[in-house]
Amino acid sequence: MRVRFAPSPTGQLHVGNARTALFNWLLARGGDGTFVLRIEDTDAERSTPESEQAIVEDLQWLGLTWDEGVEKSGDHGPYRQSERTHIYRAHAVELLSLKHAYHCFCLPEDLERERYHALREGLPPKYSGRCREISREDARKRIEGGETAVIRLRVPENRDVVFADLVRGDVRFNTEVIGDFVLLRSDGSPAYNYAVVIDDALMEISHVIRGEDHISNTPRQILLYEAFGWRPPVFAHVSLVLGPDHGVLSKRHGATSVKEFRERGYLPEALANYLALLGWSPGEDQELLPLDELARRFRLENVGHSAGVFDVDKLAWVNRHYLKLAAPERLAQLSLSYLEREGWLTGASPEALAYLAAVVPLGAASVDRLEQISARLRFLFDYSAARTLEDEGLRAEALGARPVIDALADDVSTNGPMVDRETFRAMVGRLRERTGLKGKALLHPIRLVLTGEAEGLELDLAVPAIERGALVGPSSGLRPIPGAAARATAFRAALSA
Ligand code: GLU
């Protein structure tokens, strides 16, 4: 089995296209298949090398490695359509000789007029076939005389083209709606339907899996296979990815590109796992599975043909699962850009990374995506007693809890830093004895003073994180973190101010 992903490098990789790539990859990896990456850059105006690079990086990030294609070698290259022009021309000559194709000299304005009349009479706007009978000799003379021509396929009249789509079942089109379509434009560049057939055939693609927006192209492509006498591949058209309003997922729904999801802090394994679940189910009520296991279970026949509605809440659920599995060092690395953006970090030293590996997982345990990590870690890097006390309600609470706050300030200035759960709990025990308070009446003021926040991480995790942060050296690259003693002093001063 040989499958391919054939993106046009005209922008960022859309998650719908990433899902198409993923289905191809799953199919190849689930069997003994080969996955080919071909770049369809025949639209010279809209294709850019930057976009190709971005697509390559997104696929690599998702873990969708390919066996042949750009940035890899292979026996079926080149894998960039812009480098295959000679191949398209040679095959067009073959079709001309077989009389399956012909030169067409119609001017754009003639075609436009025909189109207009057809539409006015309620007919499908297809080419009339006016140049069909021009002989090759006449055509050659006209071209030598300076006229320009396109090459069109001679499409058989009134014939049904049927194919068995692996996702959608039998699909039937009549050639009456197709008309003789263009293979090569007058500048020699290939049209999509033509280039894709030459490439899929020469690259020996056995299964073409792509978005259902291409379904009406398939009969044209099958006609081309027939003209060459080639056996067409198996086709599978997967549904598009829709937004909650059932329109194709687009900017107005929020993030659409793999890059945006990456920047928001979704893990690649989470996005890939989620995309696999859009329109397919691995069965046995198990949804959260690593890519290789998904590949083992994947069957195209089980891909549903109803459209997949993108569900951000479900993606968040999948992401939370993988955030919990992720190694602390990896989470620390992935959080750096968000912390830098806040100004809490400039160039992470090994000491800063070690500290972050200890604290980022604490915050990551309660976020949907890593972009939210800074809000969870604000209590460490952005403590301000004065700002906390700007809130009237919190100030009133703090004023009412003066005995706790005074006892806390005394205690933390005489005892050493509470670097673990036990030393923190011992401190709470001493305060309970000294103030006679317990439960929320005791713990909430402690929370306010030490974290500056009314809610957050469990205190027996948060306080050791603060105390360990205060021990991080000044040249670590991290913004200095005040310890409990400094916080209690500052809080008391701000409350009296
Ligand atoms: N370049 C086409 C696209 O990006 C590929 C279509 C196909 O897979 O045949 O939509």
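Computed from the coordinates by the stated procedures, all read-outs in this text should not be read as laboratory data. Quick caveat, the model's predicted, so the values are computed rather than measured. FYI the Cβ positions are ideal-geometry reconstructions off the backbone, even for glycines, and counts take in every protein chain you see.
Here, the stretch 152-192 has an Rg and a Dmax of 13.3, 38 Å when only alpha carbons are counted. Any chance you could tell me what percent of the C-alpha pair distances in the stretch 152-234 go past 17 Å? Beyond 17 Å sits 46 percent of the P(r) for the stretch 152-234. Shape index of the stretch 265-396: Rg/Rh, with Rg the Cα radius of gyration and Rh the Kirkwood radius from the inverse mean 1/r over Cα pairs, equals 1.12. Normalised Debye scattering of the stretch 82-235 at q = 0.13 Å⁻¹ gives log10 I(q)/I(0) of -0.64, counting only Cα atoms as equal scatterers and leaving out solvent.
Once the convex hull of all Cα atoms in the stretch 317-369 is built, its volume per residue stands at 68 Å³. Computed from backbone phi with θ = phi - 60° and the Karplus coefficients 6.51, -1.76 and 1.60, the 3J(HN,Hα) list for the stretch 310-322 is 5, 10, 5, 5, 5, 4, 4, 4, 5, 5, 4, 4, 6 Hz; x is used for glycine and proline. When the Debye formula is applied to the Cα atoms of the stretch 437-497, each taken as the same point scatterer, what base-10 log of I(q)/I(0) results at q = 0.12, 0.19, 0.22 Å⁻¹? At q = 0.12, 0.19, 0.22 Å⁻¹ the computed log10 ratios are -0.32, -0.75, -0.94. Using every pair of distinct Cα positions in the stretch 157-308, the Kirkwood expression returns a hydrodynamic radius of 17.9 angstrom. Isolated cysteines in the chain, defined as those with no second cysteine Cβ under 4.7 Å, comprise Cys106.
Excluding same-chain neighbours fewer than eight residues apart, the lysines reachable from Lys314 by a Cα-Cα span under 17 Å are Lys324.
Can you give the alpha-carbon Rg of the stretch 31-90 over 2.2 N^0.38 Å, where N counts its residues?
1.20
Principal axis extents of the Cα atoms in the stretch 280-353, from largest to smallest and rounded to whole angstrom, are 51, 24, 17.
Projecting the alpha carbon convex hull of the stretch 14-171 along each direction and taking the average yields 13.7 nm². I want the local charge near Arg402. Using Cβ-Cβ distances under 15 Å, sum +1 for each Lys or Arg and -1 for each Asp or Glu among the other residues. Computed value for this residue: -1.
Using only Cα positions of the stretch 358-426, each an equal point scatterer, no hydration layer, compute I(q)/I(0) via Debye at q = 0.11, 0.26 Å⁻¹ and quote the log10 values to two decimals. Per q value, in the given order, log10 I(q)/I(0) is -0.42, -1.08.
Taken about its Cα centre, the chain carries a charge dipole of roughly 500 debye when the Cβ of each Lys and Arg holds +1 and the Cβ of each Asp and Glu holds -1. Ranked by the mean number of other Cβ atoms within 10 Å per residue, highest first, peptides 113-120, 67-74 order as 67-74, 113-120. Taking the square roots of 5 times each eigenvalue of the Cα gyration tensor of the stretch 226-289, largest first, gives ellipsoid semi-axes of 29, 19, 13 Å. Cα-based radius of gyration for the stretch 177-225, normalised by 2.2 N^0.38 Å, reads 1.16. Taking the convex hull of the alpha carbon positions in the chain and averaging its projected area over all directions gives 31.5 nm².
Across the stretch 340-397, the convex hull enclosing all Cα atoms gives 116 Å³ per residue. Here, the stretch 116-165 has an Rg and a Dmax of 15.5, 46 Å when only alpha carbons are counted.
Remark on the stretch 387-497: Rg and Dmax equal 13.4, 42 Å (Cα only). Over all other residues within a Cβ to Cβ distance under 13 Å of Val161, the charged ones net out to -3, with Lys and Arg as +1 and Asp and Glu as -1. Rounded to the nearest whole Hz, the Karplus-based 3J(HN,Hα) values (6.51 cos²θ - 1.76 cosθ + 1.60, θ = phi - 60°) of the stretch 255-272 follow the sequence 5, 10, 9, 4, 4, 5, 5, 4, 5, 7, x, 8, 7, x, 5, 6, 5, 5, with x at glycine and proline. Among the GluC sites (Glu not before Pro) found in the stretch 336-442, those both in a DSSP coil and sparsely packed, with 15 or fewer other Cβ atoms within 10 Å of their Cβ, are Glu390. With the highest mean first, a sort of the peptides 30-43, 317-330 on other beta-carbon atoms found within 10 angstrom per residue produces 30-43, 317-330.
Think of the stretch 245-369 as having a plus end and a minus end, set by charges on the Cβ of Lys, Arg, Asp and Glu; of Leu294, Ser281, Phe261, Phe261 sits farthest toward the positive end of this dipole. Applying both filters, DSSP loop and at most 13 other Cβ atoms within 10 Å, to the GluC sites (Glu not before Pro) of the stretch 138-194 gives Glu147, Glu157.
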